[in-house]
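The values are calculated or read from the model by the stated rules, or taken from the named source; none is laboratory data. All figures in this text were calculated on a predicted structure; none of them were measured in a lab. Ideal geometry is used to build each Cβ from the backbone, glycine not excepted, and the neighbour counts take in all protein chains shown. Just so you know, the surface numbers come from the protein's heavy atoms only, side chains and all, with ligands and any DNA or RNA stripped out. Shrake-Rupley method; radii C 1.70, N 1.55, O 1.52, S 1.80 Å.
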2 protein chains.
Amino acid sequence: MPRAAAKKDFPTAEIRRFLEPGPIVLVSSALNGATNIMTMGWHMMMEFEPALVGCIIAPASHSHDMIRKSRECVINLPTADMAATVVRVGNSTGTEVDKFAAFGLTAAPAEKVSAPLIAECHANLECRLVDASQVRKYALFIFEVVKAHARPRPKYPATIHYTGEGVFMISGGHKSFRRQFRPGNL
Amino acid sequence: MPRAAAKKDFPTAEIRRFLEPGPIVLVSSALNGATNIMTMGWHMMMEFEPALVGCIIAPASHSHDMIRKSRECVINLPTADMAATVVRVGNSTGTEVDKFAAFGLTAAPAEKVSAPLIAECHANLECRLVDASQVRKYALFIFEVVKAHARPRPKYPATIHYTGEGVFMISGGHKSFRRQFRPGNL
């Protein structure tokens, strides 16, 4: 793990900074003493406060069952230097391998959920499943982020965005249009 | 408008290429002869085929009513050179201005919906509202993309990703990990 700033509490009402630009994330879960990790690209912000996030988690995945039963998970934000690990996590199934051990990832205790944080990730969002009504029809899980942790710097880490066909877009530069925005509209 | 490749039909089952990396999009709608445009950052892929997209459209917005009533819209993908226009669209309301005229955007006829395409955008996804059951609770619209158009090149246009506070991330380079992916897992 590269030397990095220690994580701090991060306001759950501001997690759009990490999720809205559409990065691939790693979702960690726990059930009956076992843990698992999956890659996830289909997610979106649904509300600022309470901080709601909608996620599609395929029924065929081991994580689907673990999260449906435990009603908890952690959404972890990997950085571009972790791209090869992200691919390995997506290539394997938790029914066959312990992904933390197999891919050299560190499980750290969360504060409000039993699922582990992935220490190597830039940010960790502890989630509770608050609405499972659309799980059967769409595999749509609606989570509330109940606690967030993030490294205070860099403010905008290099993130990984999937485009299909094995190709990732890596986040580029950031440009402020703040002065052009109507103040109430940021 | 810069010189650009003419658009072609694009397979709806492959629209993840445009939406999954999380770009800001422009949503165009039509009702009773009037049109409107809004910016949208809260959206996600929900299914490949039929191509389903979930979107959060705030109840306070003029587009919310127009799309709920017309049950149609077009999701348009703006490129980085359009960032200032995207901000202007987000700053204004369709109850006060004709956004196509005010911001120099060209409305082109869609094939399967009455909402117009925004000609200047790289891709246009014609959408029908197929599930409004979560609109009241979450402002969540579930659309099916019934027709897609895209410029054949560049394959990966520079896109704009919102991070809050007036700051956009502009998409960076693309890197293929195709050889590392398990074939069934792309």
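If you place +1 on the Cβ of every Lys and Arg and -1 on the Cβ of every Asp and Glu, how big does the dipole about the Cα centre of the protein assembly as shown come out, in debye to the nearest 20? Please list the in-between numbers first.
Numbers: 44 positive and 32 negative charges, 126 e Å.
With only Lys, Arg, Asp and Glu charged at Cβ, the dipole is about 600 debye.
Please identify the trypsin sites (Lys or Arg not before Pro) of region B:1-55 that satisfy two criteria: DSSP loop assignment and at most 11 other Cβ atoms within 10 Å. Which are they?
Working: sites: B:R3, B:K7, B:K8, B:R16, B:R17; in loops: B:R3, B:K7.
Those satisfying the criteria are B:R3.
Looking at A:C127, A:P157, B:W42, which one has the Cα that reaches farthest to the positive end of the dipole of the protein assembly as shown (charges on Cβ: Lys, Arg +1; Asp, Glu -1)?
A:P157
Applying a 10 Å radius around every beta-carbon, put B:75-83, B:63-71 in order of their mean neighbour count, most first. Mind showing how you got there, number by number?
On the way: B:75-83: 21.6, B:63-71: 18.8.
Result, highest mean Cβ count within 10 Å first: B:75-83, B:63-71.
Tell me, what is the 1.4 Å probe accessible area of B:S29, in Å² to the nearest 10?
0
For B:D131, A:D98, write out the residues from largest to smallest accessible area, computed with a 1.4 angstrom probe and no ligands counted. If you can, show how the numbers build up before the last one.
Numbers: B:D131 15, A:D98 85 Å².
Solvent-accessible surface, decreasing: A:D98, B:D131.
Quick one: in chain B, whose Cβ comes closest to the B/A rotation axis, and how close in angstrom?
For the rotation taking chain B to chain A, the closest Cβ gives B:G22, 1.
So what is the diffusion coefficient of chain B in µm² per second by Stokes-Einstein at 10 °C and 1.306 mPa s, using a Kirkwood Rh over Cα pairs? Write out the running numbers ahead of the final one.
On the way: Rh = 16.8 Å.
So the translational diffusion coefficient is about 95 µm²/s.
Give, rounded to the nearest 20 debye, the magnitude of the charge dipole that region B:143-186 has about its Cα centre when Lys and Arg contribute +1 at Cβ and Asp and Glu contribute -1 at Cβ.
Values: 8 positive and 2 negative charges, 92 e Å.
I would put it at about 440 debye.
R0 = 22 Å: FRET efficiency of A:R136 with B:R136, Cβ-based, nearest 0.05?
On the way: r = 20 Å, r/R0 = 0.91.
The calculated FRET efficiency here is 0.65.
In whole Å, what is the distance between the alpha-carbon centres of region B:122-186 and region A:156-186?
13
Determine which aspartates and glutamates satisfy two conditions relative to A:K155: a Cα distance under 17 Å, and not lying fewer than 8 residues away in the same chain.
In chain and number order, the partners are A:D9, A:E14, A:E20, A:D81, A:E120, B:E165.
Where the accessible area of the protein assembly as shown is counted over protein heavy atoms with a 1.4 Å probe, how much of it, in %, is carbon and sulfur?
Working: 7780 of 15700 Å².
Taking all protein chains in place, the protein assembly as shown shows 50 percent carbon and sulfur surface.
For region B:81-153, treating each Cα as an identical point scatterer without solvent, what Debye log10 I(q)/I(0) comes out at q = 0.13, 0.20, 0.24 1/Å?
Values returned for q = 0.13, 0.20, 0.24 Å⁻¹ are -0.51, -1.07, -1.16.
Using only protein heavy atoms and a 1.4 Å probe, report how much of A:E47 is accessible, in Å² to the nearest 10.
80
Using a Förster distance of 25 angstrom, determine the FRET efficiency expected from the C-beta separation of A:A4 and A:E111, and round it to 0.05. The partial results should precede the final answer.
On the way: r = 20 Å, r/R0 = 0.78.
FRET efficiency, A:A4 to A:E111: 0.80.
Taking one equal scatterer on every alpha-carbon of region B:1-70, how large is log10 of I(q)/I(0) by Debye at q = 0.13, 0.19 1/Å?
Log-scaled intensity ratios, in q order: -0.49, -0.96.
Please compute, for peptide A:130-142, the average count of beta-carbon atoms on other protein chains lying within 10 Å of each residue's beta-carbon. Don't jump to the answer; show the numbers that get you there.
Values: counts 0, 3, 0, 3, 8, 0, 0, 3, 7, 2, 7, 0, 4.
The per-residue average across the peptide is 3.
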